[in-house]
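This report refers to the structure that appears directly beneath it.
The values are calculated or read from the model by the stated rules, or taken from the named source; none is laboratory data. Everything numeric in this text was worked out from a predicted model, so none of it was measured. Heads up, the Cβs are rebuilt from the backbone with ideal geometry, glycines too, and the neighbour counts pull from every protein chain shown. For the accessible areas, the whole protein counts, side chains as well, though only heavy atoms, and no ligand, DNA or RNA atoms are used. Shrake-Rupley method; radii C 1.70, N 1.55, O 1.52, S 1.80 Å.
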Amino acid sequence: MTLNCPLNLRQFPFDTQHCNISIITWNSPPNQVLLRPVGVYDDLKEPNDDLDIVDFVMSAETNLNSWATFEVKLRRKSLYHILNVLLPIVSLSILNLMVFRLPPGCGEAVTCSVSIVVAFSVWLLMLSSSMPSTSKNLPLITIYVTASILVSVISTIVVILTIHIYDNSESDPIPAWLTRLCVSLRSNKTNETLTWKETASAIFTCSFLISLTFWLLFTIIIVILFAIG
């Protein structure tokens with residue numbers, strides 16, 4: 001006999017599952033069929049590679065019918081998922097920030113950004129294949145990876161536009177709002193004429209600061225949600 005219980009994967013891979021299973025004799029009175037707990041089955045004591053049985057309680061009740069209730073508490077072993085899912089995802093997120101520390105005229109910045117987007121997509125597919133499909137309690141780690149993919153896509157677009165700005169002709173005027181932004185990011189706020197190359201460098205610096213702030217805030221929020229359950 002195979003039994004299923006609903007899963008709450010919001011805290012995956014640090015989740016704890018509670019399964020309540022009730023068996024009732026609908027067509028047989030208690031004097032014909034009586035359900036009562038007799039002990040924990042040996043199969044439940046066998047080691048599992050993914051889950052640990054934290055608690056197992058059996059109870060029985062006799063009324064018009066005979067009832068047997070099984071309450072199982074399972075806790076996931078998270079070390080595998082930490083090493084193979086969480087650490088690579090966090091590493092890719094940090095690497096995504098470092099794209100904006102490359103020189104603005106470096107064409108490899110686009111290649112790096114696209115590679116990170118592809119890597120995030122692969123990890124999201126691996127993550128999805130290792131979990132049951134559900135929309136009721138969306139895992140926090142899935143939200144984190146999806147948000148990281150969106151940030152990577154936006155970063156790629158910014159890198160492409162910045163390289164285009166870097167290659168602009170110096171005879172073309174720089175918009176006033178862009179000039180004010182670049183001057184505000186300068187350590188030496190002078191009224192010297194800005195070049196397109198300096199503008200591209202300032203955009204990279206601004207993008208790095210914005211990405212770093214967003215990543216820190218979003219990561220802290222996800223960690224808090226994990227902590228409070």
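Looking at Thr199, Thr213, which one is at pLDDT below 85 and in a helix (DSSP H, G or I)?
Working: Thr213 fails: at pLDDT below 85.
Going through Thr199, Thr213 in turn, the sole match is Thr199.
Is there any pair with a first residue in the stretch 146-157 that is in a helix (DSSP H, G or I) and a second that is exposed (fewer than 15 other Cβ atoms within 10 Å of the Cβ) and at pLDDT below 90 whose Cβ atoms are under 7 Å apart and which are 6 or more apart or on different chains, and what are they?
Pairs found: Ile149/Ser121.
Identify, from the list Met126, Met98, the residue that is part of a helix (DSSP H, G or I), open to solvent by 70 Å² or more (accessible area, probe 1.4 Å) and in contact (Cβ under 8 Å) with a residue 24 or more places away in the chain.
On the way: Met98 fails: in contact (Cβ under 8 Å) with a residue 24 or more places away in the chain.
The unique qualifying residue is Met126.
Considering only the stretch 1-48, how many residues are modelled with pLDDT of 70 or more, open to solvent by 70 Å² or more (accessible area, probe 1.4 Å) and not in a loop (DSSP other than H, G, I, E, B)?
Final tally of qualifying residues: 3.
Going residue by residue through the stretch 164-179, is there one that turns out to be at pLDDT 85 or above and in a helix (DSSP H, G or I)?
Checked the stretch 164-179: no residue is at pLDDT 85 or above and in a helix (DSSP H, G or I).
When you scan the stretch 49-56, do you find a residue that is touching a helix residue (DSSP H, G or I) at 6+ places or on another chain (Cβ under 7 Å), open to solvent by 30 Å² or more (accessible area, probe 1.4 Å), of a type outside the set (D, E, K, R) and modelled with pLDDT under 85, even just one?
So the first thing to find is which residues in the stretch 49-56 are touching a helix residue (DSSP H, G or I) at 6+ places or on another chain (Cβ under 7 Å), and the list is 53, 56.
Narrowing further to those that are open to solvent by 30 Å² or more (accessible area, probe 1.4 Å): 53, 56.
The next check asks that each one be of a type outside the set (D, E, K, R); those that pass are 53, 56.
Checking the rest, the ones that are also modelled with pLDDT under 85 come to 53, 56.
Yes, some residue in the stretch 49-56 is touching a helix residue (DSSP H, G or I) at 6+ places or on another chain (Cβ under 7 Å), open to solvent by 30 Å² or more (accessible area, probe 1.4 Å), of a type outside the set (D, E, K, R) and modelled with pLDDT under 85.
Of all residues being open to solvent by less than 40 Å² (accessible area, probe 1.4 Å) and hydrophobic (A, V, I, L, M, F, W, C) in the stretch 113-123, which is nearest to the chain's Cα centre (by Cα)? Just the residue, please. Spell out how you get there, then give the answer.
Just the residues of the stretch 113-123 that are open to solvent by less than 40 Å² (accessible area, probe 1.4 Å), to begin with: 113, 116-117, 119-120.
Then keep just the ones that are hydrophobic (A, V, I, L, M, F, W, C); that gives 116-117, 119-120.
Numbers: Ile116: 15, Val117: 14, Ala119: 14, Phe120: 10 Å.
So the residue we want is Phe120.
Among the residues of the stretch 211-229, how many are surrounded by 14 or more Cβ atoms within 10 Å (Cβ to Cβ) and aliphatic (A, V, I, L, M)?
Qualifying residue count, the stretch 211-229: 2.
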